Amino acid sequence: MGMPTKQPPSQDAGRDESIARRLDKQPGNKDAQLDAGLDESMDASDPPASTQPGRADPAPSSGYDEEAERQRDA
């Protein structure tokens, strides 16, 4: 005889309604978009879709030196 299979408990942690209401009132608010994305994601998963990777210019804190790169590549 096989072992009975038990269904796992629901993994739905629910939705924070205060975040949903804030996003409904202010759909263009970047903080509200980020909070909604974080509320819908799991810990250690991919970043929320409202975060955008990369820019045309490197971040000032990156230490990127355009002139030094040009000299290195020459």
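Some observations on this one:
- Local net charge near residue 39, Cβ-Cβ under 9 Å (Lys/Arg +1, Asp/Glu -1): -2
- Residues with amide H under 5 Å from that of residue 29, placed H, sequence gap 5 or more: none
FYI, it's all coordinate maths here, none of it is from the lab. This one's a predicted model, so the numbers in the text were calculated from it and none came from an experiment. Using ideal geometry, Cβ is built from the backbone for each residue, glycine included, and neighbour counts are taken over all protein chains shown.
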